[in-house]
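Structure first, then comments.
We did not get these values from a lab; they are worked out from the coordinates using the rules stated. This one's a predicted model, so the numbers in the text were calculated from it and none came from an experiment. Here Cβ is always computed from backbone atoms with ideal geometry, including for glycine, and neighbour counts include all displayed protein chains.
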Amino acid sequence: MKTEWSMDTKIIHESQFPDPQTGAISQTLVPAVAYAFPDAETAAAVVAGEEEGVYYGRYGNPTSRTLEKKIAALEGGEDALGVSSGMAAISIALLGFLKHGDHVLVTKDVYGGTYSFLTSLAPRFGIEFDFVDCTDIDSMIKAIRPNTRAVYIETPSNPRLTILDIGQISEACKAYQLPVIVDNTFMSPCLQKPLELGADVVVHSATKYINGHGDVLAGFIVGKKDTIQFMRKKLMGDLGQNLNAWDAFLILRGMKTMALRVERHCSNAQKIAEYLESHPFIDKVFYPGLKSHPQHELAKTQMKGMGGIVSFEVKGGLIEGKKLINSLQLAMISFSLGDPETLVQHPASMTHASIPQEERMKFGITDGLIRVSVGLEDADDIIGDFDQALSALFSASETKIITK
Ligand SMILES: Cc1ncc(COP(=O)(O)O)c(C=O)c1O
């Protein structure tokens, strides 16, 4: 018998046991806020984090604790913290390392909410930042300042699917004693394990692939035990950003199928990316599974699969891009990703609208860029939908665009 379970088995069994009282296999939902202790000494030890246990709902509950242990094991970290959204995870992770007067280096194309937090809220607390191209490690190192305290990356990035070399970045940062924080949302632990590659902290929007059903907002931070304990007490607890028991229960339920879902997201996305790349009306396709992707070789070594997100630029630009998504009949226009349904969005006017146009262009988020979160439907049906929308656009503006 193997002593170490594989990822697919861990996703189902890790940290979960039948309820000792009832034998129930599905996770018990514990909504209690308050917990009783046998004596004052035990209560004090739990509050201090010296003994495992929960003491007040704002600092965690037994259902979210089960989930935290599972996520920590899947990511290969010492501990994990479940919080109320992906943005709660990102802001807590950054505030866990940064204080007034500190500086953080951030890869240049990050999720719009991360950009907004760094550019509008963090400066109010005296935190400085620089966006750098982390595909170029030398320029990243040159941007390190004496007050730099962390490096924050997202790979693959949203929405350009830029792949960063987590191992190389982590190694370079170790020489400067800089912790590396990685947003692993697009991959899920099924496809990429940043801590094994040398990173220090992983953050997730569990709203996406981890829950996978579009009905929960949640986030996770994974890292060293003392880092997580500090974030639990001083950030999540004091800011009141906890994950509630009901949402933790739904995630534990949704996660049982994560390995299967992620596999199908990847195979569908590969087919859609290849179809789009071969279409005469598409200018560029961004998908790490395509040979044309600039970091395709790196993606093959760092990731177990290429993920479910495909971005592309339609010939023409903004107007054509918007017309195209308006013509889709199966795929829905929506802000989220990682759901069973195929979702499309226009980053310039939707998820990344908080980034001024000039800055967006520097990050490669052009006006015509469309992001597709490829769902779990039949791949031919998704392709058929894009085909009919592209044909409608093509016949409407054939002469105008094809000559460009
Ligand atoms: C890569 C990435 N990180 C973080 C977030 C934020 O997650 P949430 O909406 O759960 O706060 C998102 C949301 O789309 C995202 O795409």
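Counted by neighbouring Cβ atoms within 10 Å, the residues 225, 208 run from fewest to most as 225, 208. Each Cα pair under 8 Å and six or more residues apart adds its separation to the average, and for the chain the resulting relative contact order is 17 percent. Summing Lys and Arg as +1 and Asp and Glu as -1 over all other residues whose Cβ lies under 14 Å from the Cβ of residue 240 gives a net charge of +3.
If the segment from residue 21 to residue 387 were pulled out straight at 0.36 nm per residue, it would be longer than the present Cα-Cα gap by 126.3 nm. Beyond 30 Å in Cα-Cα separation lie the following of the pairs 256/284; 69/174; 99/142; 99/284; 174/284: 256/284; 99/284; 174/284.
Along the axis of the charge dipole computed for the stretch 185-330 (Cβ charges of +1 for Lys and Arg, -1 for Asp and Glu, origin at the Cα centre), the listed residues 186, 321, 273 are led at the positive end by 186. For the stretch 312-373, the set of chymotrypsin sites (Phe, Trp or Tyr not before Pro) satisfying both a DSSP loop assignment and a count of at most 13 other C-beta atoms within 10 Å is given as 335.
Under 28 Å of direct C-alpha separation, and excluding same-chain neighbours fewer than eight residues apart, residue 291 reaches these lysines: 108, 193, 208, 271, 300, 304, 315, 322, 362, 404.
Extension gain, residue 353-residue 37: 0.36 nm per intervening residue step, less the Cα-Cα distance, totals 108.8 nm. Scanning residues 5 or more positions from residue 333 or on other chains, those with amide H under 5 Å from its amide H are 344, with H placed 1.01 Å from N in the peptide plane. The stretch 201-249 and the stretch 292-359 have Cα centres lying 26 Å from one another.
In this structure the amide hydrogen of residue 283, modeled in the peptide plane, comes within under 5 Å of the amide hydrogens of 313, 314, 315, none closer than 5 places in sequence on its chain.
When the GluC sites (Glu not before Pro) in the stretch 87-171 are filtered for DSSP coil states and for at most 11 other beta-carbon atoms within 10 Å of their beta-carbon, no site remains. With a cut-off of 13 Å between beta carbons, the residues surrounding residue 44 carry a summed charge of -4, where Lys and Arg count +1 and Asp and Glu -1.
Net charge around residue 353, counting only other residues with Cβ within less than 12 Å of its Cβ (Lys, Arg = +1; Asp, Glu = -1)? Surrounding charge for residue 353 is -1. Karplus-derived 3J(HN,Hα) values for the stretch 206-215, using 6.51 cos²θ - 1.76 cosθ + 1.60 with θ = phi - 60°, are 6, 4, 8, 5, 5, 7, x, 10, x, 10 Hz; glycine and proline are entered as x.
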